[in-house]
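The structure's right below; bear with me while I get my questions together.
The values are calculated or read from the model by the stated rules, or taken from the named source; none is laboratory data. None of the values given here were measured: they were computed from a predicted structure. Counting neighbours? That spans all protein chains shown, and the Cβs are built from the backbone with ideal geometry, glycine included. Note: accessible area is taken over every heavy atom of the protein model, side chains too, but ligands, DNA and RNA are not part of it. Shrake-Rupley method; radii C 1.70, N 1.55, O 1.52, S 1.80 Å.
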Amino acid sequence: MLPFQVNDAIQLKLIKPQDREELYSLIDLNRVFLREWLGIVTTAIEKLITYLFNDLKLNRVIIQCAESNIRSRAIPEKLGFVNEGISRQAQWLYDHYENIVTYSLLSSEWQEGIVK
């Protein structure tokens, strides 16, 4: 499945543990620039969902986000995922526990064009 070509400029690939420090540094140095490119994430997720449902024939996809991360939550909400609820204090983030919101999308919803 991976690497997965989203478009001419974007490719998804698995990140290895040894890539961690380089990735964190890259993100930290480019936070302002990355905010302008958030649309790329939505496009990549949309292409990935199409692949998961059409090629891998999955029935259900879930996305989980920190409750306080409004930008991350906007992606599944924009793509029509259903909010299934909140897991309280489910993830340690920096110096505190975060609530996690779980979203899901069914293949039938995607195929019927309800959310595309």
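What is the residue count in segment 1-25 for residues that are open to solvent by less than 100 Å² (accessible area, probe 1.4 Å) and part of a helix (DSSP H, G or I)?
Of the residues in segment 1-25, 4 are open to solvent by less than 100 Å² (accessible area, probe 1.4 Å) and part of a helix (DSSP H, G or I).
Okay, next question. From Gly39, Gly113, which residue is loosely packed, with under 15 Cβ neighbours inside 10 Å and assigned to a loop (DSSP other than H, G, I, E, B)? Show your work before the answer.
Values: Gly39 fails: assigned to a loop (DSSP other than H, G, I, E, B).
On inspection, the qualifying residue turns out to be Gly113.
Here's a follow-up. Is there any pair linking a residue in segment 70-92 that is at pLDDT 95 or above to one that is hydroxyl-bearing (Ser, Thr, Tyr) and open to solvent by 80 Å² or more (accessible area, probe 1.4 Å), with Cβ under 6 Å and at least six apart or on different chains, and which?
Gln89/Tyr97
Please determine, by comparing only the residues of segment 17-48 that are within 18 Å of Phe4 (Cα to Cα) and small (Gly, Ala, Ser), which one is modelled with the lowest pLDDT.
Gly39
Tell me which residues, restricted to segment 48-76, are surrounded by fewer than 15 Cβ atoms within 10 Å (Cβ to Cβ) and under 13 Å from the mean Cα position of the chain (by Cα).
Correct list: Ile62, Asn69, Ile70, Arg71, Ala74.
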